[in-house]
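Readers should treat all values here as calculations from the given coordinates under stated rules, not as data from a laboratory. Remember, predicted model here, so these are calculated numbers, not experimental data. Glycine gets a Cβ as well: all are built from the backbone with ideal geometry, and neighbour counts include every protein chain shown.
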Amino acid sequence: MSIPKQLAIIGATASGKSALSLELANKFDSIILSLDSLSVYKDIDIASAKPTLDERKHIIHFGIDEIYPNEPFDVTIFIELYKKALDFAKKNDKNLIIVGGSSFYLKTLLVGISNLPTISKQTKEKTDDILTNKQNSYDLMNAIDPVYMAKIKPNDTYRIEKALNIYFETKTKPSIYFEKNIPIPIITEPLPIYAIEIARDVLRDRIKQRTIRMLKDGLVDEVKMLQDKYTREPNPMKSIGIKETLDFIDDKISEDELIELISTHTAQLAKRQTTFNRTQFKDKIMIEANDIEIFDRF
């Protein structure tokens, strides 16, 4: 069983990553693993700006349409998706392209995650009860382990929940627990990482045009369907594009305001993505979205 060649393409949302990855996949007989945290959900098609079924017709994709919006998703599930994609690539003698804007997942593949303890039902219930008050849960965890909480904000419910679960289940401070459970990298082979660079004004225009296109394609009807089918409670319903559309459905904003808010919030996300990619991936190769010639030796 041969080891497939792998590469990663990262960049801000709307920078052209998907189009480039599809072109490369066709050229180099590859499969694609999506790094997009919204495309993983079934039924969220327009809001996620995932490649269409027609675009995906000849390319095997992992990480797209994997679960329903009311099902849990976290980095551990993404790791399993990567392993599944890698196994498929090996068995079918394909190359693997990892692409998307949620490059936190890529970082996790490179540095790994610590093994976490099995959390009992009793512990989960205790943690859930404390989390009903976010500020109190933050203050409690900060009193227990100020070292671990030093870089965690009061609204970071995910990390606070994880810290509380570890502490209640193991009777060990999270900072000490993670010292004893060092992360193990998932990807151990060299992985070329290509980052798409694009001028900020060009990107903002692309984001606005994509937002307008999403509305024309039926974004409002899709969000109404999601609301009717899943309610507003699941985490994906709080995503950019969906939360603003819910305000539009509630008559809180006009269509022009909807376009402006989605565009602005998406541009803010793009800025955060760019900052993360710049600081977290030191050996990346900067390219333009149409720079396919650089991949002749994939």
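Beyond 22 Å in Cα-Cα separation lie the following of the pairs Lys121/Lys173; Lys42/Lys153; Lys84/Lys284; Lys134/Lys162: Lys42/Lys153; Lys84/Lys284. Could you work out how far the C-alpha centroid of region 51-68 sits from that of region 261-293, in angstrom? When both Cα centres are located, 22 Å separates them.
For region 201-271, the relative contact order is 43 percent, taking Cα pairs closer than 8 Å that sit 6 or more residues apart in sequence and dividing their mean separation by the residue count.
Candidate membrane-span-like segments in the chain, meaning DSSP H helices with Cα atoms spread over at least 18 Å of their own axis and a Kyte-Doolittle mean of -1.0 or above, are 75-91, 157-170, 255-280, with no membrane implied.
Give me Glu257, Glu66 sorted ascending by neighbouring Cβ count inside 10 Å, so fewest comes first.
Listed from fewest to most nearby Cβ atoms, that is Glu257, Glu66.
Near Ile77, within a Cβ-to-Cβ distance under 12 Å, what is the net charge of the other residues, with Lys and Arg +1 and Asp and Glu -1? Working shown, then result.
On the way: positive: Lys83, Lys84; negative: Glu66, Glu71, Asp74, Glu80.
With Lys, Arg at +1 and Asp, Glu at -1, the neighbours total -2.
Each residue in His58, His265 was given a count of other beta-carbon atoms within 10 angstrom of its own, and listing them fewest first yields His58, His265.
How much net charge surrounds Glu257 when only other residues with a Cβ under 15 Å from its Cβ are counted (Lys, Arg +1; Asp, Glu -1)? Once positives and negatives cancel, what remains is -4. Taking the DSSP beta bridges with both ends in the chain, the antiparallel portion is around 5 percent.
Suppose we take every Cα in region 201-271 and form the convex hull; what volume per residue is that in Å³? Could the numbers behind the result be given before it?
Values: hull volume 5.5 nm³, N = 71.
With only Cα atoms used, region 201-271 gives 78 Å³ per residue.
Convex hull volume of the Cα atoms of the chain, normalised per residue: 153 Å³. Apply the Debye scattering formula to region 143-298, with a single equal point scatterer on each alpha-carbon and no solvent, then give log10 I(q)/I(0) at q = 0.10, 0.19 Å⁻¹. Here the Debye-derived log intensity ratios amount to -0.64, -1.13.
Listing Arg278, Arg210 from the residue with the fewest other Cβ atoms within 10 Å to the one with the most, what is the order? Walk me through the numbers on the way to the answer.
Values: Arg278 13, Arg210 17.
In order of increasing Cβ crowding within 10 Å: Arg278, Arg210.
Let me check against my output: what whole-number percent is the relative contact order of the chain, with C-alpha pairs under 8 Å and at least 6 apart?
So the answer I get is 28 percent.
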